[in-house]
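Trainee: Attaching a single structure in C-alpha cells format; questions to follow.
The values are calculated or read from the model by the stated rules, or taken from the named source; none is laboratory data. Everything numeric here is computed off the predicted structure, so don't read it as measured data. Using ideal geometry, Cβ is built from the backbone for each residue, glycine included, and neighbour counts are taken over all protein chains shown.
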Amino acid sequence: MLTGKQKRYLRSLAHNIDPIFQIGKAGINENMVSQIDDTLETRELIKIHVLQNNFDDKKELATTLSEATNSDIVQIIGSMIVIY
C-alpha cells in the first residue's frame, strides 16, 4: 500500500511517460496480464490507456489489473490508469 506522498511522487514521474498498453473493447485477458506483469518488473511504473470503445468501469479494470499483477494503483484519471 502506497502513502499519499509516494503516490504524489509517482504521479509526477508518470506525467512524462507515454502509455504502453491499450485496453480495447475485448477487455483484459491472460496474455495482456502476463505482458503487463513482465513490463512492471522492468519499468516498475507504467501508464495504460483505456480506449473509448471499452465500456467497462475504469476502477474495476484497474483493480483487476492490480490484483492480477500484484501491483498498486497510483492514479486513475480520465482514460488513463497508472500502476506501480
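Trainee: Do you know which of the residues in region 1-34 that are in contact with a helix residue (DSSP H, G or I) (Cβ under 8 Å, 6 or more places away or on another chain) and aliphatic (A, V, I, L, M) is farthest from residue 54 (Cα to Cα)? Spell out how you get there, then give the answer.
Mentor: Taking region 1-34 as the starting set, the residues that turn out to be in contact with a helix residue (DSSP H, G or I) (Cβ under 8 Å, 6 or more places away or on another chain) are 2, 20-21, 23, 27-28, 33.
Checking the rest, the ones that are also aliphatic (A, V, I, L, M) come to 2, 20, 23, 28, 33.
Working: 2: 28, 20: 17, 23: 7, 28: 10, 33: 17 Å.
This residue is 2.
Trainee: Only residues that are touching a residue at least 24 places away in the same chain (Cβ under 8 Å), touching a Lys or Arg at 6+ places or on another chain (Cβ under 6 Å) and not in a loop (DSSP other than H, G, I, E, B): list them for region 26-79, please.
Mentor: 50, 74, 75
Trainee: If you scan region 7-19, which residues turn out to be surrounded by 14 or more Cβ atoms within 10 Å (Cβ to Cβ) and within 13 Å of the chain's Cα centre (by Cα)?
Mentor: Of everything in region 7-19, those that are surrounded by 14 or more Cβ atoms within 10 Å (Cβ to Cβ) and within 13 Å of the chain's Cα centre (by Cα) turn out to be 10, 11, 14, 19.
Trainee: Shifting gears a bit: Is it fair to say residue 47 is at pLDDT 95 or above and loosely packed, with under 14 Cβ neighbours inside 10 Å?
Mentor: So residue 47 fails the test.
Trainee: Checking residue 42 against (1) at pLDDT 95 or above; (2) surrounded by 12 or more Cβ atoms within 10 Å (Cβ to Cβ), which single condition isn't satisfied?
Mentor: With respect to (1) at pLDDT 95 or above; (2) surrounded by 12 or more Cβ atoms within 10 Å (Cβ to Cβ), residue 42 is out only on (2).
Trainee: A follow-up question, please. Test residue 65 against the stated conditions and say whether it is loosely packed, with under 14 Cβ neighbours inside 10 Å and among the aliphatic types (A, V, I, L, M).
Mentor: Numbers: loosely packed, with under 14 Cβ neighbours inside 10 Å: no; among the aliphatic types (A, V, I, L, M): yes.
So residue 65 fails the test.
Trainee: Also: Check region 18-25 and report whether any residue there is touching a residue at least 12 places away in the same chain (Cβ under 8 Å) and part of a helix (DSSP H, G or I). Steps first, answer last, please.
Mentor: Residues of region 18-25 that are touching a residue at least 12 places away in the same chain (Cβ under 8 Å), as a first pass: 18-25.
Cutting the leftovers down to part of a helix (DSSP H, G or I) gives us none.
No, the conditions are met nowhere in region 18-25.
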